[in-house]
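The values are calculated or read from the model by the stated rules, or taken from the named source; none is laboratory data. Here the structure is a predicted model, which is why all the values come from computation and not from measurement. Cβ placement follows ideal geometry from the backbone for every residue including glycine, while neighbour counts extend to all protein chains displayed.
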Amino acid sequence: MQFMNYTLKDGLVVISCLLFFGCGMNKPPLVQAQDAPTEKSPPKKIPIVQKLRQNDHLPVEERIKLYHQLKKEAPQLYSFEDETELTMYGYSILWANKTTEAIEVFKLIATEFPNSSNAYDNLGEGYLKNGNKELALLNYERSLAMDPENFNAEDQVANIRFPDRVPLQPAELFKKVYPATAYRDDLDQLGTTLLKVHPNALKFITREAFWKSIEDKKRQITDRTTYGAFAWYCSEIIANVHCSHTNMGSFDYEAAMLPESARFPLQTRWISNQLFVIDPLSNSQKVKIKDEVVSINGTKVAEIIKECYKHIPAQGYIETTKNHFFNTWSTAMIPFALGFPDRYEIVIKGTNAPIILNTSANIEEPYFDRTLDLSGNNLSLSFIEGNTIAFLKVASFNYYRWADFEVFKAFIDSSFSEIRKKDVKNLVIDLRQNRGGSQSSSIHLLQYLVNQPFTYYSNAQFEGKRDKIEGEDIVYPFTNRFDGKTCFIIDGVGNSTTGHFMSIARYLKLGTIVGEELGSNQFCSAGMTTKRLANTKLVYYVANNTHESLAIDLPDETGILPDYTVTQGIEDFLIKRDTVKAFAIQLAKQNK
């Protein structure tokens, strides 16, 4: 399935990269009350998807009839130009397994946007999921004829025509060797595409340095270079763009290729520039929990981390994001950084004799921080200290108007209603692990915290934009806003919309910030164009739009910085003690 500049597979999508997040050029002043819209201001059109969503109880035929009726009778009230929102609406129906309804929506999109390759690609997917391979093939072929670079349609056409074709398994692909000329041509294609698609590809690196990195990699390629090694080269070139939205996906792509026996056979954690063992796995007779590893196969750990960081996408020069990424994927990243050794030999601090490690078959990958609540509940509210402190967990802004924004809105509204009812004057908002999402969610939460009108976006640029989007108009505080003291908890995983939210919190001085440098800020290159290299077929994702919050005085190179830097030590991690949360609550206690 491919829509607009986005590609999704089997209903899986990283929504935090999906729609339009902030970036821009011109600094707006804070909006004053007299700047409120007057009666002469033209009313903002309502996206037609919003109206369709409100009528989801109707049969799909009635909704489509309503679409045509409103387009004819009320074009001044509703906007009909956004193919992306209609497409996402169709996919929300498809993901709910209402395939026949989704097909009708996709047919509407193809009728309304007849020159869109994506529309026919989506229609092909709907028919394929419904078991109609003949119509699926017809629409995929039409999509491919309109856009020869639509490799999703290309693959689907091949799969339908040749159902017995067996693709290479990840382990087979890892060992595969392509001609050196094929690798080098693909690296040139990668560089050219990154500069063509990404609107800010050279914001944090010069053109000369960018192309030099590609030429360096081309010189390292030989007739024996494997696809696994080539993928590692590509990840460094992509990371040179310094954009968290431009990547090869998470490291599960590379990890899936890596043979089990080649993985680094210790679970480790990089904390305060030290690499600690947190689980010895099959090496418990040789290594203990909390041992510090100082070298691996004769290479100092600091050098290995430095090499890994070069391959991890992150915004600007933010290293907290890279730190979290490494700790999640260390057992796979270390082998790539060391060139896939046959065995591992480590030195533990305080010892001299190297330890040869046993291989392990019970590695946990990816490995997530167990000191945080990762139960899947992104939104929660609790009261502590005799209901004097409210603790609001917002681990995602992934709630869109075309899907489930009402879920987020209902939770936030009810939470602040309960906070008012209990007359709580101290609020802690935990934004850790929040990878971003919709500006609608971010704005709605801000409206409970701000005390003056503001504009969320200073600028928003993306292909096909015709009108202002949500966040470019004036945003007003809610009359029942929270009027107590607020503390925000942040970490390096906070990306995209989380950066916009916290940049405005910093700019408008909405509260105290605790934790570590955020993984993002007011500047954001987002969206997602999916690309594939011609020879090796390596897939990667490139940001395609630019948004910025109002806080453009803040530096673009660093994430939002905390007022109190609080990080977790190895002892805290091992006993699962949330030191950062404890610090934030202690601050709130002092405000009572």
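Yes or no, residue by residue, for (1) in contact with a strand residue (DSSP E or B) (Cβ under 6 Å, 6 or more places away or on another chain); (2) in the same structural domain as Leu86 (by TED's automatic domain parsing); (3) more than 24 Å from Trp95 (Cβ to Cβ); (4) surrounded by 15 or more Cβ atoms within 10 Å (Cβ to Cβ):
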position: Ala119; (1), (2), (3), (4): no, yes, no, yes
position: Leu123; (1), (2), (3), (4): no, yes, no, yes
position: Lys129; (1), (2), (3), (4): no, yes, no, yes
position: Ala136; (1), (2), (3), (4): no, yes, no, yes
position: Ser143; (1), (2), (3), (4): no, yes, no, yes
position: Phe151; (1), (2), (3), (4): yes, yes, no, yes
position: Val166; (1), (2), (3), (4): no, no, yes, no
Would you check which residues across region 530-583 are in contact with a Phe, Trp or Tyr (Cβ under 6 Å, 6 or more places away or on another chain) and charged (D, E, K, R) and list them?
-> Lys531, Arg532, Glu548, Asp556, Glu557
Gly90 passes all but one of (1) out of contact with any Phe, Trp or Tyr (no Cβ under 6 Å at 6 or more places or on another chain); (2) surrounded by 21 or more Cβ atoms within 10 Å (Cβ to Cβ); (3) under 22 Å from Leu144 (Cβ atoms); which number fails?
-> (1)
Somewhere in region 278-292, is a residue basic (Lys, Arg) and either touching a Lys or Arg at 6+ places or on another chain (Cβ under 9 Å) or not in a loop (DSSP other than H, G, I, E, B) (or both)?
-> no
Only one of Lys531, Lys576, Lys589 is touching a strand residue (DSSP E or B) at 6+ places or on another chain (Cβ under 6 Å) and touching a residue at least 40 places away in the same chain (Cβ under 8 Å); which?
-> Lys531
Of these, Asn544, Asn495, which one is within 18 Å of His242 (Cβ to Cβ) and surrounded by 24 or more Cβ atoms within 10 Å (Cβ to Cβ)?
-> Asn495
Breaking point among (1) over 21 Å from Thr388 (Cα atoms); (2) surrounded by fewer than 23 Cβ atoms within 10 Å (Cβ to Cβ); (3) modelled with pLDDT of 95 or more, for Ser417 | (1)
Looking at Asn426, Asn398, Asn377, which is the one that is buried (at least 19 other Cβ atoms within 10 Å of the Cβ) and under 30 Å from Thr84 (Cβ atoms)?
-> Asn398
Kindly establish whether Thr498 is without any contact (Cβ under 8 Å) to a residue 60 or more places away in the chain and closer than 30 Å to Lys422 by Cα.
-> no
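So which of Ile312, Ile271, Ile278, Ile318 is touching a residue at least 12 places away in the same chain (Cβ under 8 Å), β-branched (Val, Ile, Thr) and farther than 18 Å from Gly519 by Cβ?
On the way: Ile312 fails: farther than 18 Å from Gly519 by Cβ; Ile271 fails: farther than 18 Å from Gly519 by Cβ; Ile318 fails: farther than 18 Å from Gly519 by Cβ.
Matching residue, one of Ile312, Ile271, Ile278, Ile318: Ile278.
Here is a yes/no grid of residues against (1) under 30 Å from Ile384 (Cβ atoms); (2) in a strand (DSSP E or B); (3) assigned by TED's automatic domain parsing to the domain that holds Ser440; (4) touching a helix residue (DSSP H, G or I) at 6+ places or on another chain (Cβ under 9 Å):
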position	(1), (2), (3), (4)
Val514	yes, yes, yes, yes
Thr530	no, yes, yes, yes
Thr536	no, no, yes, yes
Glu571	yes, no, yes, no
Lys576	yes, no, yes, no
Counted residues in region 215-273 being farther than 20 Å from Asp185 by Cα and charged (D, E, K, R) come to 5
Complete set of residues in region 517-527 that are buried (at least 24 other Cβ atoms within 10 Å of the Cβ) and not aromatic (Phe, Trp, Tyr) | Leu518, Gly519, Ser520, Asn521, Gln522, Cys524, Ser525, Ala526, Gly527
Single condition Arg435 does not satisfy, out of (1) within 21 Å of the chain's Cα centre (by Cα); (2) assigned to a strand (DSSP E or B); (3) of a type outside the set (Gly, Ala, Ser) | (2)
In contact with a helix residue (DSSP H, G or I) (Cβ under 9 Å, 6 or more places away or on another chain) and surrounded by 13 or more Cβ atoms within 10 Å (Cβ to Cβ), is that true of Lys322?
-> yes
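Look through region 473-483, keep the residues that are farther than 12 Å from Leu445 by Cα and among the β-branched types (Val, Ile, Thr), and return whichever of them is surrounded by the most Cβ atoms within 10 Å (Cβ to Cβ). Explain how you work it out, then say what you get.
Step one: of region 473-483, the residues farther than 12 Å from Leu445 by Cα are 473-474, 479-480, 483.
The next check asks that each one be among the β-branched types (Val, Ile, Thr); those that pass are 474, 479.
Values: Ile474: 16, Thr479: 6.
Only one residue fits best here, namely Ile474.
If only one of Thr486, Thr536 is touching a strand residue (DSSP E or B) at 6+ places or on another chain (Cβ under 7 Å), among the hydroxyl-bearing types (Ser, Thr, Tyr) and surrounded by fewer than 24 Cβ atoms within 10 Å (Cβ to Cβ), which one is it? Spell out the reasoning first.
Numbers: Thr536 fails: touching a strand residue (DSSP E or B) at 6+ places or on another chain (Cβ under 7 Å).
The conditions single out Thr486.
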Just give me the residues in region 121-151 being out of contact with any helix residue (DSSP H, G or I) (no Cβ under 6 Å at 6 or more places or on another chain) and among the polar types (S, T, N, Q), in sequence order.
-> Asn132
Only one of (1) over 30 Å from His444 (Cβ atoms); (2) modelled with pLDDT under 95; (3) crowded, with 21+ Cβ neighbours inside 10 Å; (4) not aromatic (Phe, Trp, Tyr) does not apply to Glu364, and that is (3)
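Is it true that some residue in region 170-186 is closer than 30 Å to Ser213 by Cα, without any contact (Cβ under 8 Å) to a residue 12 or more places away in the chain and either among the small types (Gly, Ala, Ser) or surrounded by fewer than 17 Cβ atoms within 10 Å (Cβ to Cβ) (or both)?
Taking region 170-186 first, the residues closer than 30 Å to Ser213 by Cα are 170-186.
This time we only want the ones that are without any contact (Cβ under 8 Å) to a residue 12 or more places away in the chain, so: 172, 181.
This time we only want the ones that are either among the small types (Gly, Ala, Ser) or surrounded by fewer than 17 Cβ atoms within 10 Å (Cβ to Cβ) (or both), so: 172, 181.
Within region 170-186, one or more residues are closer than 30 Å to Ser213 by Cα, without any contact (Cβ under 8 Å) to a residue 12 or more places away in the chain and either among the small types (Gly, Ala, Ser) or surrounded by fewer than 17 Cβ atoms within 10 Å (Cβ to Cβ) (or both).
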Hey, which of the helices (runs of 4 or more DSSP H) in region 112-163, taking only ones fully inside, have at least 1 residues that are farther than 21 Å from Glu83 by Cα, more than 27 Å from the chain's Cα centre (by Cα) and free of Cβ contacts under 8 Å to residues at least 12 places away in the same chain?
-> 133-146, 151-161
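Taking into account only those residues within region 284-328 that are of a type outside the set (S, T, N, Q) and on the phi > 0 side of the Ramachandran plot, which is nearest to the chain's Cα centre (by Cα)?
So in region 284-328, the residues of a type outside the set (S, T, N, Q) come out as 286-294, 296, 298, 300-314, 316-319, 322, 324-326.
In the following step, the residues that additionally are on the phi > 0 side of the Ramachandran plot were identified as 290, 298, 316.
On the way: Lys290: 32, Gly298: 35, Gly316: 15 Å.
So, considering only residues that are of a type outside the set (S, T, N, Q) and on the phi > 0 side of the Ramachandran plot, the one nearest to the chain's Cα centre (by Cα) is Gly316.
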Could you check, for region 296-315, whether at least one of its residues is assigned to a helix (DSSP H, G or I), of a type in the set (Ser, Thr, Tyr), buried (at least 16 other Cβ atoms within 10 Å of the Cβ) and not assigned by TED's automatic domain parsing to the domain that holds Ala229?
-> yes
